[in-house]
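Quick note: the coordinates plus some simple rules give every number you see, no bench work behind them. Just so you know, these numbers come straight off a predicted model, no measurement behind them. Heads up, the Cβs are rebuilt from the backbone with ideal geometry, glycines too, and the neighbour counts pull from every protein chain shown.
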Amino acid sequence: MIAATAFLVLLASGSMVLFQCLRALGRLRGIVAWLGLFGTLATLWFLLDLSAYPYPLEGNSSAPSASCFKCHESHYASWQRTYHRTMTREATPENVKGDFNDAVFTYQGIPSRMTREGDSFYMETLDPVWQNARSPPAPRPRSGGEGGPVLLPWNGGEGGLAPRLRKFKVERLVGSHWFQECLYRDGAGRYWRLPVSYHLVEKRWIHTNGAFLAPDTDDFWSKSTIWNESCVFCHNTKPSKRPVNPVPGRPGLNGYRTEVAELGIACEACHGPGAEHVRLNQNPLRRFRVRGEADPSIVNPRRLVGRRADDICAHCHAALAPRVQAWDMTKMTDPFNAGEDLTDAYHFFWSEAEQAKLYGNGPADRGRTPPPEPLDGRFWGDGTPLTTAVEYQGMALSACYENGQGRLSCLSCHDMHVAEPNFLLARGMDTNEACYQCHDSYRERLVEHTHHRAGSPGSLCYNCHMPYQVYSLLTTHRSHRISSPRIKDSLGTGKPHACNLCHLDRSLAWTQERLVEWYPVKPVRLEEEDRKYASALVHLCRSDARSRAVVAGSFSWPAARQAGDTAWAAPFLLRLLESERYPAVRYLVWRGLRSLARTDPEAYNYLGTPEERSQQQSRLRRTLAGPQAEPAGRYPYLPLTADGRIDEAAWNRLLEKRTDPDVFIHE
Amino acid sequence: MSSFTNESELRARLARRHYLAGWLGLLVFLTLGGLLETLHGFKIGYYLDADHKLRRELWRLAHAHGTLLALVQLGFALGLPHFGHWTPGRLRLASFFLLDAAWLMPLGFFLGGLMPGETDPSVGIVLVPVGAVLLLIAVTLILLSTRGSSKEKVESAP
């Protein structure tokens, strides 16, 4: 159509010029002049048109995102705003967000000092060689095991010797949304995660022991992973690990010459290699030829069938194990390109037990997919993902996805280019419009269906069907498993019930009564505590740290405070701080406490030593909890005495039932 | 073929044509400029939204080229009776092409901005290179006509 229009326009103008040539120069000279002019133009057109073909996509290579700017300025600009772009950056003044102005952060008695010299950034912290010489870290279990370590303050330990510090140059940064982690490059090309990160939400330095869900440890370098080994694959574009074993001249030392097409998640992560696309589309005729149609020289996720488009997101937002036969194990270049079938290069796994099997560490029974074990760090007991970077599995488990005949995909709600950088939701997709795309009939009977007032948190589809049941990055996130909030899915799975993440003062039995009354569901038998006490408190007292983190995160959720009375919570949360051995949970409990009581953010340091925290808790108890007494009967599901104080006996009974094994969430 | 046999009569006739085209072009393209300023004044999204940067650029180019080429018509009209060594055929051709360029280029830019894609203008933009080639030929012919014009001027002086 476009080519035909262009041809007609050119034919008309050519005829006009022919007429003018004839009038001006006479018949013969006019025709010769016209032929000379339009012959030259036609030849140029023909040559341009020839070079517009074919589409040699074999062996396509990478082009930097900057080359996309020439044609796709608005897309380039919207990508520039995303946290995808800044997932991994070089440590330059433009990219560094942490305070390097001679800032000091002390953890376990070790003062880490962050400084800047010109355009270079440094972190002086505990020398890992010195630490390992004194206290070789014990093997870190993936899960299981009771109790926790005794924290060793490094200053004054070892006969009063001061710890040896070492100054590391910060070469790269990972993250720009929640945390910014600092990487140091050693002589073997390995980028080490330094033990202190900047928490962008709180605008403070934190120790990485408190950045992930893991129990307290006195191993100062326990979270110092090597970026080249795993981070590189999801945080960059077209990574190539390139191990060097051993490093030349360094027998026994393994290193890397890792390469990436581009640091961070760049255009080619979603659109595939683009060098040929850039080269071909320098030809204006080709651009007109493919205008409005699919350009086979590049991948447009919007034009892919749903599953192939989802594969692009799943590449980083799913639990995957490499399919070894698809990989060149020498270079270890990620073989996946946008538009391809992800399962050609990776296995999806649906539990950490299955992951272990895929890596060859699990039982020999390969025919059976093992369900999540009780302390799985990625999936709740019912299979629902409990952390981020597993969103694809959540969506894939949803009835909407399984029965939607391809209507639901990541791009149903997300848009990489028109959306706000936070969560990249397409316009209007933070409202019920997201669900009305398929379930339009609920638009007219929203109140009838939800039994909640229109406009209230309970009438937002997301809050019941995609609740905040996911933990990572010191906060909670929405589950991507779109499901009905069934009681049985929260029994023995660790997964807190959606309703009780809003109705924090209500019991699971209370929730069940409502669900049975409103919907065609059958009641299930509940334990005494689930009938008697608020589900949030039961989880916070009894459950493992995964559930505690998710429930604690709800206390600072505005919707939860809007949905119910939370005036009761402060004394309980203070009590919980006393017995909490997971720094991340302490942070979330403290965040909840702060949002309820609006107290000084500096009043409690969840990463402080036990003695410091004990003193801070005492002060908080005096200022916050005080002689608080709640009216009897106001909170039927809280362990309160008749005069409204915490029922110590009941409280202790709940705490005694706590199962507190070591669990780890590595996101 | 032309009915004009007298070269000075031909020059005068074409000069009037270009004079008229110049002022007409100024009227049209200054009006377009006013229209664009109005779109700015009332913050019309069709012209000012971030997604319409290409339209904005192309319409500005239409306004600028139209106005400038209208001034070129006036300059040609004013100089034609006095300067240049022309054959009738070359003069007619230069005149045609100069007039063609004066509407083809701005029209091409304007149409190109009507419904542009993300990366390129709409198809009307093909008028621009056609106009540009004709303008180039016309300017070359005018430049060639200056050869010997001094002599001619001296010879025709009283």
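Cα-Cα over 19 Å: which of A:169/A:203; A:97/A:169; A:238/A:357; A:488/A:657; A:238/A:331? Mind dumping the intermediate values first?
On the way: A:169/A:203 21 Å; A:97/A:169 16 Å; A:238/A:357 26 Å; A:488/A:657 21 Å; A:238/A:331 12 Å.
Distance filter (> 19 Å) returns A:169/A:203; A:238/A:357; A:488/A:657.
Report the Rg/Rh value for the protein assembly as shown, based on alpha-carbon coordinates and the Kirkwood definition of Rh. Before the final figure, lay out each step's value.
Numbers: Rg = 36.1 Å, Rh = 32.2 Å.
Rg/Rh for the protein assembly as shown comes to 1.12.
Run the numbers on segment A:378-426 and let me know its relative contact order in percent, using alpha-carbon pairs under 8 Å that are six or more apart.
Details: 36 pairs, mean separation 8.6, N = 49.
It comes to 18 percent, rounded to a whole number.
Checking the a/c ratio against 1.5 first, then a/b against b/c, what shape does the Cα gyration tensor give for segment A:550-591? Don't skip to the end; give the middle numbers.
Working: a/c = 3.30, a/b = 1.60, b/c = 2.07.
In terms of gyration-tensor shape, oblate.
Given Cβ point charges of +1 (Lys, Arg) and -1 (Asp, Glu) and nothing else, what value in debye, to the nearest 20, does the dipole of segment A:552-667 about its Cα centre take?
On the way: 16 positive and 15 negative charges, 48 e Å.
Result for segment A:552-667 is approximately 240 debye, rounded to the nearest 20.
As a footprinting exposure proxy, order B:139, B:133 by other Cβ within 10 Å, with the fewest listed first. Display every interim value, and only then the final one.
Details: B:139 16, B:133 19.
Final ranking by Cβ density, sparse to dense: B:139, B:133.
For helix A:508-518, what angle does its Cα long axis make with the longest principal axis of chain A, in degrees from 0 to 90 and rounded to 10?
50
In degrees between 0 and 90, to the nearest 10, how far off the longest principal axis of chain A does helix A:583-597 point, with axes built from Cα atoms?
The angle comes out at about 80 degrees.
Taking every pair of alpha-carbon atoms in segment B:1-143, give the share separated by more than 23 Å as a whole percent.
Working: 4167 of 10153 pairs.
Looking at segment B:1-143, the distances longer than 23 Å represent 41 percent of pairs.
If you filter segment A:429-485 for GluC sites (Glu not before Pro), then keep DSSP loop positions with at most 14 other Cβ within 10 Å, what is left? Could you put the intermediate results ahead of the total?
On the way: sites: A:433, A:444, A:448; in loops: A:444.
The qualifying sites are A:444.
For segment A:583-624 and segment A:637-667, write down the distance between their C-alpha centroids in whole Å.
With segment A:583-624 and segment A:637-667 each reduced to a Cα centre, they are spaced 18 Å.
Below 8 Å between Cα atoms, with a sequence gap of 6+, how large is the relative contact order for segment A:262-413 in percent?
22
Please report, ordered by residue number, every helix of chain B (full DSSP H runs) that is 18 Å or longer along its axis going by C-alpha atoms and whose mean Kyte-Doolittle hydropathy reaches 0.5. All intermediate terms of the calculation are to be shown ahead of the outcome.
On the way: long enough: B:7-41 (49 Å, 0.37); B:53-79 (39 Å, 0.41); B:88-114 (39 Å, 1.11); B:127-145 (27 Å, 2.76).
The qualifying helices are B:88-114, B:127-145.
Can you compute the charge dipole magnitude of segment A:376-511 about its Cα centre, using +1 on each Lys and Arg Cβ and -1 on each Asp and Glu Cβ, nothing else charged? Give it in debye, rounded to the nearest 20.
Details: 12 positive and 13 negative charges, 51 e Å.
The dipole of segment A:376-511 has a size of about 240 debye.
Any idea which of A:275, A:421, A:19 is furthest toward the positive side of the dipole for chain A, if Lys and Arg beta-carbons carry +1 and Asp and Glu beta-carbons -1?
A:19
Across segment A:193-198, in residue order, what do the Karplus-derived ³J(HN,Hα) couplings come to in whole Hz, using 6.51 cos²θ - 1.76 cosθ + 1.60 with θ = phi - 60° and x for Gly and Pro?
Values, residue by residue: 6, 6, x, 10, 10, 9 Hz.
So if I place +1 on the C-beta of Lys and Arg and -1 on the C-beta of Asp and Glu, and nothing else carries charge, what would the dipole magnitude of chain A be about its Cα centre? I want it in debye, nearest 20.
On the way: 79 positive and 73 negative charges, 251 e Å.
Approximately 1200 debye in magnitude.
Which residue, A:191, A:452, A:644, has the largest displacement toward the positive end of the dipole of chain A when charges sit on each Cβ (Lys, Arg +1; Asp, Glu -1)?
Positive-most Cα among the choices belongs to A:191.
Distance between Cα centroids, segment B:1-54 to segment A:378-409: provide it in whole Å.
What the calculation gives is 61 Å, centre to centre.
List the aspartates and glutamates whose alpha-carbon lies under 15 Å from that of residue B:43, not counting same-chain residues fewer than 8 positions away?
Answer for residue B:43, where 15 Å is the Cα cut-off: B:51, listed by chain and number.
Can you pull out the trypsin sites (Lys or Arg not before Pro) in segment A:452-546 whose DSSP state is coil and whose Cβ has at most 11 other Cβ atoms within 10 Å?
On the way: sites: A:453, A:478, A:481, A:486, A:488, A:506, A:514, A:525, A:531, A:532, A:542, A:546; in loops: A:453, A:478, A:481, A:486, A:506, A:525.
Of the trypsin sites (Lys or Arg not before Pro), the ones in loops of segment A:452-546 whose Cβ has at most 11 other Cβ atoms within 10 Å are A:453, A:525.
Where the convex hull is taken over the Cα atoms of segment A:449-527, what is its projected area averaged over directions, in nm²?
5.8
Could you go through segment A:227-234 in sequence order and give the Karplus-derived ³J(HN,Hα) for each residue, using 6.51 cos²θ - 1.76 cosθ + 1.60 with θ = phi - 60°, rounded to whole Hz, and x for Gly and Pro?
My calculation for segment A:227-234 gives 4, 4, 6, 9, 4, 4, 6, 9 Hz in order.
Lys/Arg Cβ at +1, Asp/Glu Cβ at -1, dipole of the protein assembly as shown taken about the Cα centre: which of A:306, B:22, A:28 is farthest positive-ward?
Ranked along the dipole, the leading option is A:28.
Where in segment A:191-252 are there trypsin sites (Lys or Arg not before Pro) that are in a DSSP coil and have at most 16 other Cβ atoms within 10 angstrom of their Cβ? The partial results should precede the final answer.
Details: sites: A:193, A:203, A:204, A:223, A:241; in loops: A:203, A:223, A:241.
Here the trypsin sites (Lys or Arg not before Pro) that fit, given the DSSP loop and packing criteria, are A:203.
For the modelled label position 7 Å from the Cα of residue A:373 along Cα-to-Cβ, which residues of segment A:325-351 have backbone nitrogen atoms closer than 15 Å?
A:350-351
If you fit an axis through the alpha-carbon atoms of helix A:610-620 and take the longest principal axis of the Cα set of chain A, what angle between them do you get, 0 to 90°, nearest 10?
It is inclined by approximately 80 degrees.
Cut-off 18 Å, label point 7 angstrom out along Cα-to-Cβ of residue A:330: give me the residues of segment A:243-263 whose amide nitrogen falls inside.
A:243-248, A:255-259
If you wrap a convex hull around the alpha carbons of segment A:264-347, what volume per residue comes out, as a whole number of Å³?
In segment A:264-347, the Cα convex hull volume per residue is 108 Å³.
Relative contact order of chain A: what whole-number percent is it, with Cα pairs under 8 angstrom and at least 6 residues apart?
On the way: 1148 pairs, mean separation 81.3, N = 667.
This gives 12 percent for chain A.
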